[in-house]
Amino acid sequence: MTTASAPGKVILFGEHAVVSGTPALGSAINLRARVIVEDLPGRLEIEACNLMLRGFSLDLTTGRVSSPGVLDAIKYVSAVLKEFHADGLRVKVDSDIPPAAGLGSSAAIVVATMAALNKHMSLGLSREEIASSSYKIEKTVQQGMGSPMDTAVSTFGGYQLVSETVHGIDLPEMHIVVGCTEKEHNTRSEIQKVQSLRSRYPDIVEPIFCAIGAISTRAVPLIRDNRLEELGHLMNFNQGLLEALGVGTRELSELVYAARGAGHSLGAKLTGAGGGGCMIALPSTAGSLSILVALEQARGTAFEVKTGGAGMRLET
Ligand code: MEV
């Protein structure tokens, strides 16, 4: 039996613009997906345990119960099994990362599955090979565009600056508050929406991407030097630019303003693809409590995460 785990992520700065090669800064968080692989001669089974699910649907004609989170997890795990011609195995998946929320749950499931299979089947893949195969698989299942951000952060952990290349950066841990809307999002359709705006209005969207890239680059020394007030300003700038790209929603804005207003956060922005999912807020030295309360009062689900966590690893 082999067990591996991999972290979810927050994109601190630069989502969407990164799809066109502009720098974005992401970080691993202390929520993880775990995958157990064990021998099951003659069969191939996938078992999804606790996946932090929020929605179920019941088909009244077939009596079949399904949830987008379970179906997605199974899709991603089977894509990895297929890639490595795996057979005679039971694969069990569980995850602390809310699915379809912009927190990298599918990348974490792909990376953890690959790490477990790598050991169990003695595939001999390096960490770099796991990162690039995971990126390829995530992209194929999502049928489309996307940057290597989620799979790189999940594989290597810590902070990753992603543009046309991926660079690990050594930065201190931070406490960030996450606020989730009830609405799941579809990364692929949000990316398509932004990229079609870019084709239609290149003279407007390219400068927005460029400003977002400048924000990601400026954020690095601020995190290193613990200049959190300035970092908060950058989060607010980035949120405004994401709004301009059309990926904000009323629910996300309500959480962003709740965090900045009643919660007194230093800055707040959506994280990930937008169109639903989650936002992040940066607490002041007064701590996270008032932000957590403000987000819950604004009908969000709020929790604190730590940035800079460990990447994929085998568990004993
Ligand atoms: C999704 O978590 C972030 C996007 O920038 C897409 C990507 O980087 O693949 C919207």
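Numbers for the structure displayed
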| read-out | value |
| --- | --- |
| Nearest-10 value in Å² for the accessible area of GLU206, using the 1.4 Å probe | 80 |
| Largest-first ordering by accessible area, 1.4 Å probe, given options GLU138, GLU38 | GLU38, GLU138 |
| Using alpha-carbon coordinates, inclination of helix 127-141 to the longest axis of the chain, degrees | 90 |
| Anisotropy class of the chain from Cα gyration tensor, a/c 1.5 cut | prolate |
| Residue among TYR201, TYR257, TYR159 with the largest mean-square fluctuation in a Gaussian network model of the chain, springs linking Cα atoms under 10 Å | TYR201 |
| Any cysteine of the chain lacking a neighbouring Cys Cβ under 4.7 Å - listed by number | CYS49, CYS210 |
| Average accessible surface area per residue within region 223-306, 1.4 Å rolling probe, Å² | 42 |
| Length gained when the stretch ASP87-MET145 is fully extended (0.36 nm per residue, less Cα-Cα span) | 17.9 nm |
| Relative contact order, percent, the chain [alpha-carbon distance under 8 Å, six or more residues apart] | 26 |
| Charge dipole (the chain, unit charges on Cβ, about Cα centre) - positive-most of SER154, ASN186, THR271 | ASN186 |
| Rg ratio (alpha-carbon, reference 2.2 N^0.38 Å) - region 175-306 | 1.05 |
| Ranked order, HIS16, HIS264 - accessible area, probe 1.4 Å, largest first | HIS264, HIS16 |
| Highest-MSF residue in the chain out of THR151, THR165, THR301 [GNM, Cα springs under 10 Å] | THR165 |
| With all protein chains modelled, accessible area of PHE13 [1.4 Å, Å²] | 0 |
| Extension gain (nm, one decimal) between THR316 and CYS210, 0.36 nm per residue minus Cα-Cα | 33.7 nm |
| Residues with amide H under 5 Å from that of LYS9, placed H, sequence gap 5 or more | ILE29, GLY104 |
| Prolate/oblate/rounded call for region 98-235, Cα gyration tensor, a/c under 1.5 rounded | oblate |
| Order of exposure, largest accessible area first, which applies to MET1, MET114, MET312, MET145 with probe 1.4 Å | MET1, MET145, MET312, MET114 |
| Carbon plus sulfur fraction of accessible area for region 2-171, probe 1.4 Å, in percent | 52 |
| C-alpha center-to-center spacing [region 80-138, region 211-258] in angstrom | 31 |
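The values are calculated or read from the model by the stated rules, or taken from the named source; none is laboratory data. Note that the coordinates shown come from a computational prediction; the quantities given were computed from them, not determined experimentally. Neighbour counts run over all protein chains shown; Cβ positions are idealised from the backbone, glycine included. Protein only, heavy atoms only, side chains kept; ligands, DNA and RNA dropped before computing areas. Shrake-Rupley method; radii C 1.70, N 1.55, O 1.52, S 1.80 Å.
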